[in-house]
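Notes for the one structure printed next.
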Amino acid sequence: MRDMKVLVTGGSGRTGRLVAEAAAAAGLGVRAVSRSAAVPFDWDDRSTWAAALDGVDAAYLAYYSDIGAPTAADAIGALARQAVASGVRRLVLLSARGEELALPAERALGESGADWTILRCSWFAQNFSEGPLLEAVRGGELAFPAGEIREPFIDARDIADVVVTALTDERHSGRVYELTGPRLLTWREAVAEVSRATGQEIHYVPVPVRDYATVMREIGMPDPEVEFLTALFTDLLDGHNARLADGVRQVLGREPRDFTAFARTDAAAGTWKG
Ligand SMILES: NC(=O)c1ccc[n+]([C@@H]2O[C@H](COP(=O)([O-])OP(=O)(O)OC[C@H]3O[C@@H](n4cnc5c(N)ncnc54)[C@H](OP(=O)(O)O)[C@@H]3O)[C@@H](O)[C@H]2O)c1
């Protein structure tokens, strides 16, 4: 393990950045890649894949834009086969929990000949602190089509710890884990936690998914993407994921971090200051 080098895709993204940090802290060599990295890697440009895979022992795969996107299975399968052919057998895939559309990508990995681990994750706590929803939270009003359903938000720091363990310990080979946080919260309760931690007034406004689609179109999102996200949200936000899973405990032997701790840590770091 001491001389092991790992490839981290989405290296500047929500999970990839934390995976790269956790892997480095564990003493692994790290090649963190994305389109803008020193070693550029683009899921849509296969000419970039060989350099990314060169000389690494294992890889973390975080597909962009979504593991359930129509292009995901083909890309994951092709990258996994190329990885195996170039001697990178150990692959850990970030997948999504209760997402029917993610299954083709998982199958493509399974059929690649790789030595794989699949991590089906719940919604990240970091959706409130990074990415497209951050500005709305900072602005004091998050409109989102999640009604009053409950979700066990997971702190991406826990995903990163699980990924590093799965990359380095072959006992996790061939295993599918469901990773969730320790508590079910509605979007309203999660936003209230952020509000309490920051001392800022922040409100959650549930909106119908068709209204959310209209907003996505108005801000210029292409139609196929709007259609995909509308289908994804309709499926994922119907409440069927309102249950806890014990994947973090199975892999790490400890409980996952709680949302309150996430909100306090990020509030102290100034994440939600405008
Ligand atoms: N968000 C959630 O709650 C959640 C839950 C479960 C599973 N997931 C899964 O997590 C994965 C990542 O989603 P995320 O929303 O958290 O995104 P993210 O990892 O934060 O995505 C951004 C990262 O991807 C890179 N990137 C963007 N386009 C790329 C491309 N064409 N090729 C290579 N790298 C690219 C970005 O860097 P550059 O711009 O430099 O390329 C950046 O490093 C998805 O497969 C999603 O299904 C998400």
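Taken together, the values in this text are just the output of simple stated rules run on the coordinates, not laboratory data. Bear in mind that the values here come from a model prediction, so they are computed numbers and not experimental data. Neighbour counts are summed over all protein chains in view; Cβ atoms, including those assigned to glycine, are modelled from backbone coordinates with ideal geometry.
Please sort by residue number the trypsin sites (Lys or Arg not before Pro) in region 72-101 whose DSSP state is loop and whose Cβ has at most 12 other Cβ atoms within 10 Å. Spell out each step's value before the answer.
On the way: sites: ARG81, ARG89, ARG90, ARG97; in loops: ARG89, ARG97.
Here no loop site has a sparse enough neighbourhood.
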Okay, which of region 76-95 sit inside 17 Å, backbone N to the point 7 Å along the Cα-Cβ direction of ASP115?
80-93
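Once the other residues with Cβ under 13 Å from the Cβ of ALA105 are scored (Lys, Arg +1; Asp, Glu -1), what is the net sum?
On the way: positive: ARG107, ARG120; negative: ASP66, ASP74, GLU99, GLU100, GLU106, GLU111.
Result for the neighbourhood of ALA105: -4.
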Connecting every pair of Cα atoms under 10 Å apart in the chain and solving the GNM, the largest mean-square fluctuation among ILE76, ILE154, ILE202 falls on ILE202
Which distance in nm do the two modelled labels at ARG249 and GLU170 give, with both placed 7 Å along the Cα-to-Cβ direction?
3.0
Nearest 10 degrees, 0 to 90: helix 259-268 Cα axis against the chain principal axis
90
Sequence order, region 234-242: Karplus ³J(HN,Hα) from phi using 6.51 cos²θ - 1.76 cosθ + 1.60, θ = phi - 60°, Hz rounded, Gly and Pro as x, gives 4, 6, 6, 9, 9, x, 6, 9, 7
Summing +1 for each Lys or Arg and -1 for each Asp or Glu, what net charge is found among the other residues whose Cβ lies under 14 Å from the Cβ of ASP211?
+1
Least to most buried among LYS273, LYS5 (fewest other Cβ within 10 Å first):
LYS273, LYS5
Please give me the summed charge of the neighbours of LEU232: other residues whose Cβ is under 9 Å from its Cβ, Lys and Arg +1, Asp and Glu -1.
-3
Run the quick spin-label model on VAL39 and VAL215: label points 7 Å from Cα toward the beta carbon, then report their separation in nm to one decimal.
3.9
Considering only DSSP states other than H, G, I, E and B, which GluC sites (Glu not before Pro) in region 163-257 qualify as loop sites with at most 13 other Cβ atoms within 10 Å?
GLU201
Taking a ≥ b ≥ c as the square roots of the Cα gyration tensor eigenvalues, with a/c under 1.5 meaning rounded and otherwise prolate when a/b beats b/c, else oblate, which class fits region 159-256?
oblate
Quick one: if you stick a label point 7 Å off each Cα along the C-beta vector at THR234 and GLU141, how many nm between them?
2.7
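Quick one: compute the contact order of region 28-176, relative version, from alpha carbon pairs under 8 angstrom and 6+ residues apart, as a percent.
For region 28-176, the relative contact order is 20 percent.
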Pairwise centroid distance, computed over Cα atoms, of region 164-182 with region 187-201, Å
31
